[in-house]
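I have placed the structure first, in the form of structure tokens, so that the comments after it can refer back to it.
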Amino acid sequence: MPSGSLQSATVELFGKAGYRVSIDSRSVFPRFDDPNISAVLFRAQEISRYVVDGIIDCGLTGHDWVVENGNEADIVEICELEYSRASNNPIRWVLAVPEESPVQKPEDMAGKIIATELVKTTQRYFESRNIPVTVEFSWGTTEIKARLLDGIVDCTETGSSLKANNLRIVETLLKSTTRFIASKAAWSDPIKREKMENIAMLLKGAIDARSKVGLKMNVPEAKLAEVVSFLPSEKSPTVSRLADQAWVAVEVILEEKQERELIPRLKRAGATGIITYPLNKVIP
């Protein structure tokens, strides 16, 4: 499991997936309520290397660090998990310069110095475009170095930190989301593979549920066809008879953003007892 900025979001995601995870403040070994899972916290930058080396069977890490470590061909990508430390959006590694810099495009960086934690990926990017630059590793506080050097390549979700430091994005070098990856040896083991597939299914279900809600209501039998005609549903709404034969109970799962448009329409169509509720998992 990734330590650092992704740690709390990952623990929360596993909780939504049905796993209880506890981590003592001074421990790097999370405890699962599943006896068939043993876990350790590593920096996301290291996880793909440890998977390749067989130190761990599987792990959650950013696609950016798989690319940076050159491990794309050496691991099995089980699934993409669209979550990050602050949102569900991909992070972007961007070339940024001070607002007052004359640099307008990557080619303008020729002969200049760039600070970044993503050294190899940045080097490959500029080499592929035949732009000579010097790339230096940054140990942190990378935004400050945009003015001390010539520019930076840094990760951002919203761009707010860059704007706060009066920096301007020139180009996006890489987009990245969290990936669940495994070693080829572990993936070839039927028992481990089934366990990892189960974990992936539940994690993806927890992510899919974040943007959805359940909706239940009572509808007059005479209005059922009208209500069903505009209800979104993966297959078709669940309809159950009530003790009063003139009424039915209807239940669907829908995108949360659809809820605000549907409820007034449902009320006008005669629905009563309308209830919405959050979901932990949605498994297609």
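Throughout, read-outs are computed from the coordinates displayed, never taken from laboratory work. The shown structure was predicted, so the numbers you read here are calculated from the model rather than taken from an experiment. Counting neighbours? That spans all protein chains shown, and the Cβs are built from the backbone with ideal geometry, glycine included.
Note on region 86-106: residues that are of a type outside the set (S, T, N, Q), buried (at least 16 other Cβ atoms within 10 Å of the Cβ) and part of a loop (DSSP other than H, G, I, E, B) amount to 2. Go through (1) buried (at least 18 other Cβ atoms within 10 Å of the Cβ); (2) within 17 Å of Gly62 (Cβ to Cβ); (3) under 22 Å from the mean Cα position of the chain (by Cα) for Thr142 and report which single condition fails. Answer for Thr142: the failing condition is (3). The strands (runs of 3 or more DSSP E) falling completely within region 110-170 that include 2 or more residues that are touching a residue at least 40 places away in the same chain (Cβ under 8 Å) and either out of contact with any Phe, Trp or Tyr (no Cβ under 6 Å at 6 or more places or on another chain) or hydrophobic (A, V, I, L, M, F, W, C) (or both) map to 151-156. Scan region 251-269 and give yes if some residue there is surrounded by 13 or more Cβ atoms within 10 Å (Cβ to Cβ), in contact with a Pro (Cβ under 7 Å, 6 or more places away or on another chain) and part of a loop (DSSP other than H, G, I, E, B), otherwise no. Taking every residue of region 251-269 in turn, none turns out to be surrounded by 13 or more Cβ atoms within 10 Å (Cβ to Cβ), in contact with a Pro (Cβ under 7 Å, 6 or more places away or on another chain) and part of a loop (DSSP other than H, G, I, E, B). Contact map, region 269-284: residues that are of a type in the set (Lys, Arg) paired with residues that are surrounded by 11 or more Cβ atoms within 10 Å (Cβ to Cβ), Cβ distance under 6 Å, separation 6+ or inter-chain. Pairs shown: Lys281/Gly205; Lys281/Ala206; Lys281/Ala209.
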